[in-house]
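For reference, the structure is listed below as structure tokens.
The values are calculated or read from the model by the stated rules, or taken from the named source; none is laboratory data. Every value quoted in this text rests on a predicted model; they were computed, and no experiment measured them. Don't worry about glycine lacking a Cβ; one is built from the backbone with ideal geometry, like all the others, and counts go over all protein chains shown. All accessible areas refer to the heavy atoms of the entire protein, side chains included, with ligands and DNA or RNA removed. Shrake-Rupley method; radii C 1.70, N 1.55, O 1.52, S 1.80 Å.
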Amino acid sequence: MTLPLEHLVQFARQNSPFYADLYRDVPMVGWRIHDLPVIDPAKFWQQSQCLSSWPVLTGPMLDGHVYKTGGSTGDGKLAVYSREEWGDFVRAFGQGVGTQLSPGDRVANLFFAGDLYTSFLFIHGALANSPVPVCEFPFTGAVDTDRLAQAIEVHQINVLGCVPAQLLRFASQLLERGQVLSSVTLVLYGGESLFEEQLPMLSLVFPNARYASVGCASVDAGLIGASTPDCRLGEHRVFDGDVLVEILDEVTGMPIEAVGQVGVLVVTNLQRRLMPMIRYPTGDLAAWCEPAGVAKRKFALRGRASQGHRIRVGYESLFPDEIGNLVKTHLGAAPWQLLIDRANGMDRLTLRVTASDGLTAELEEALYTAMLHMYPNLLALIQKNVLRFVIVACSADSLALHPRSGKLLRVVDERSYVAQEELVA
């Protein structure tokens with residue numbers, strides 16, 4: 001069930017101590033969405049280690065689902081849904097996924113399950129709510145390459161749903177042994193961007209496939225955007241009636257309506273009341289592709305926001321606040337920066353740090369080990385040759401600053417997200 005924004009805000013401020021405090025200076029009536037403060041994620045997640053006393057929630061967790069947003073389960077970053085809200089979520093997302101599917105498609109669900117991960121269960125629920133009949137093969141992301149390749153051929157599976165890191169690993173292994181899977185006609189990727197430069201290699205293994213996002217959503221924010229056949233790589237359409245999408249200037253916080261101007265992607269979920277998400281920054285940059293007033297207005301993702309609360313590398317979520325605390329533990333109050341770019345066909349994550357006494361080999365190793373301990377999936381991505389992670393010492397004046405505000409950028413994403421043309425293999 002969706003609520004009008006006015007009713008959602010009233011419910012949140014009456015039942016959530018967090019929102020009651022956040023809106024203490026907002027009048028009860030007469031406000032507009034831009035009068036509401038944008039959520040500070042650091043404050044939002046404070047005291048979230050114990051769901052029974054988390055001030056964000058509007059009531060007790062009695063009937064629903066608990067999922068992990070990334071990192072370890074002990075850090076408190078858990079997203080909760082009532083049963084009704086979860087049903088609304090997968091139904092709406094399934095309608096979007098269904099626009100990419102054809103009746104009778106055989107879909108391999110290769111997303112991840114277990115340890116409170118949501119992606120496999122989420123896509124399973126979305127496929128069950130597809131408006132066109134399809135057959136799901138629920139393998140999960142842990143399936144053995146040989147078994148998966150054999151099943152695709154034997155059962156004539158024609159759609160793969162997966163994260164790009166797993167897709168690239170699967171394709172590279174098939175390429176090494178010269179195997180081609182011509183039955184695959186569609187690849188629906190999610191959890192991370194797929195880049196145009198990766199498509200030529202994939203086309204050698206899946207010569208008849210086209211590539212499309214499965215849709216844009218996150219376990220914390222919920223619905224964000226639907227992927228429809230007219231969307232190019234990185235483009236999505238707003239779920240009108242279920243979510244409000246804003247793009248805000250990263251410096252001023254003012255709304256952006258112009259086509260092509262990049263800003264911070266902020267969402268308000270109209271489906272959720274137990275854990276309200278009202279003007280929540282997703283951590284992504286985006287730009288409008290169509291003018292204001294267009295139904296289901298299209299937007300394009302443009303990388304990670306410089307001050308984002310969470311960033312995705314492969315299928316791992318990293319939290320800059322946690323990384324900052326890690327750097328402080330090892331190096332004190334030393335400026336640092338995360339650089340994400342691509343080199344030799346893989347993502348490269350560089351932690352740039354300054355150290356007044358220099359970065360010794362011992363300190364570098366300790367910091368590197370601590371990062372992999374905090375984010376164990378980084379090691380898995382490194383071992384699968386889809387990510388390179390390095391730590392480098394640099395001078396403070398070499399760190400990138402925001403060109404307008406002059407603030408230190410915590411995250412610099414130099415990967416290209418601009419789709420040059422609609423690509424169909």
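Under the shape rule built on the C-alpha gyration tensor, where the axes satisfy a ≥ b ≥ c, region 139-230 is prolate, since a/c reaches at least 1.5 and a/b is greater than b/c. Just the number, please: percent antiparallel of the DSSP beta bridges in region 263-343, rounded to the nearest 5. Restricted to region 263-343, the bridges split so that about 100 percent are antiparallel. In the context of the full set of protein chains, region 242-370 has a per residue accessible area of 36 Å² (1.4 Å probe). Its Cα centre serving as origin, region 131-177 has a Cβ charge dipole (Lys and Arg +1, Asp and Glu -1) of approximately 80 debye. Our summary gives the chain a relative contact order of 14 percent, counting only alpha carbon pairs under 8 angstrom and 6 or more residues apart. Charge dipole of region 255-346 (Cα centre as origin; +1 on each Lys and Arg Cβ, -1 on each Asp and Glu Cβ, all else neutral): 320 debye, rounded to the nearest 20.
Taking all protein chains together and rolling a 1.4 Å probe, HIS65 ends up with roughly 60 Å² accessible.
With R₀ fixed at 41 Å, the C-beta to C-beta distance from LEU379 to GLN150 puts the FRET efficiency at about 0.90. Per residue, region 1-75 exposes 56 Å² of solvent-accessible protein surface, assessed with a 1.4 angstrom probe and all protein chains in place. In the chain, with Lys and Arg counted as +1 and Asp and Glu as -1 at Cβ, which of these residues, LEU51, TYR189, MET374, has the Cα nearest the positive end of the dipole, that is, farthest along it? About the Cα centre, the residue reaching furthest to the positive side is LEU51. With the charge dipole of the chain set up from +1 on Lys and Arg Cβ and -1 on Asp and Glu Cβ about the Cα centre, the Cα lying farthest toward the positive end among the listed residues LEU202, SER213, PHE11 is that of PHE11.
Here's how it looks for GLY190: its modeled amide H is under 5 Å from those of CYS162, VAL163, VAL214, which are all 5 or more places away or on a different chain. For LYS298, a cut-off of 13 angstrom between C-alpha atoms picks up these aspartates and glutamates, skipping any fewer than 8 places away in its own chain: ASP230, GLU235, ASP240, GLU246, GLU257, GLU290. Excluding residues on the same chain fewer than 8 positions from LYS43, give the lysines whose Cα lies under 28 Å from its Cα. The qualifying lysines are LYS68, LYS77, LYS328, LYS407. Note on the chain: Cα-only Rg and Dmax are 21.5, 66 Å. Couplings 3J(HN,Hα) for region 119-134, derived from phi with the Karplus relation 6.51 cos²θ - 1.76 cosθ + 1.60 (θ = phi - 60°), are 4, 5, 5, 5, 5, 4, x, 5, 5, 5, 10, 5, x, 10, x, 9 Hz, where x marks Gly and Pro.
Using a probe of 1.4 Å on the protein chains alone, the accessible area found for MET201 is around 60 Å². Residues SER102, SER52, ordered by accessible area of protein heavy atoms at a 1.4 angstrom probe radius and largest first, appear as SER52, SER102. Using the average count of surrounding beta-carbon atoms within 10 Å as a protection proxy, the listed peptides 7-19, 216-228, 84-96, 289-301 rank, highest first, as 216-228, 84-96, 7-19, 289-301.
Taking the Cα centre of the chain as origin and assigning +1 to Lys and Arg Cβ atoms and -1 to Asp and Glu Cβ atoms, the resulting dipole is close to 240 debye.
Calculate what fraction, in whole %, of the accessible area of the chain sits on carbon and sulfur atoms when a 1.4 Å probe is rolled over the protein chains. Accessible surface attributable to carbon and sulfur in the chain totals 53 percent. Taking 0.36 nm per residue of separation and subtracting the Cα-Cα distance, full extension of the segment from MET254 to SER416 would add 55.8 nm. Taken over region 4-106, the alpha-carbon convex hull comes to 159 cubic angstrom per residue. When DSSP beta bridges are restricted to pairs lying wholly in the chain, around 60% turn out antiparallel. Each of LEU78, VAL132, GLY324 was placed along the dipole of the chain (beta-carbon charges, centred on the mean Cα), and the one lying farthest toward the positive end is VAL132.
Every helix of 4 or more DSSP H residues in the chain counts as -39500 (n - 2.57), and over all residues that averages to -8000 deg cm²/dmol at 222 nm. Per-residue surface analysis assigns THR185 an accessible area of about 60 Å², computed on protein heavy atoms at 1.4 Å probe radius.
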